[in-house]
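Please treat every number below as a calculation from the coordinates, not as lab data. Note that the structure is a prediction, hence the values are computed from the model and not measured. FYI the Cβ positions are ideal-geometry reconstructions off the backbone, even for glycines, and counts take in every protein chain you see.
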Amino acid sequence: MMQPVNNINSVTPRDTVTDQARHTERNGKPAAGNRVADRVEISGGGEQLANFEIARDERSARIDRVQNEIRQGTYETEHRIDRVVEAVFRELAALDLRA
């Protein structure tokens, strides 16, 4: 028989039985009067991932829509051109051109 080295190959109880487990019948159902509820929590990272996937899908749909409008010749409207010109003027006004 092999001798354990630094508690390797030895059997020791690591976990104690919880009160809920003590009050559980053999078939796995809670004993009368002891209700056990399952609970799921989503981490912040999981929520961020879900939001990223939604944003990615929305961006992809927007790109598809714009590409189709460009192909059909309906993308460049007077309203859009005016918005671009206004944005360019705002950017130029924000620059310090005296340098």
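In table form, for the structure just shown:
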| quantity | calculated |
| --- | --- |
| Relative exposure of L95, L49, judged by other C-beta atoms within 10 Å (fewest first) | L95, L49 |
| For E78, net neighbour charge (Lys/Arg +1, Asp/Glu -1) across residues whose Cβ lies under 15 Å away | -2 |
| Percent of alpha-carbon pairs separated by more than 19 Å within segment 43-94 | 56 percent |
| Cα centre as origin, Lys/Arg/Asp/Glu Cβ charges: segment 43-94 dipole, Debye | 80 debye |
| Difference of contour (0.36 nm per residue) and Cα-Cα distance, E86 to E47 | 10.4 nm |
| Per-pair calculated FRET efficiency, R0 = 22 Å: H79 and A55 via Cβ, rounded to 0.05 | 0.30 |
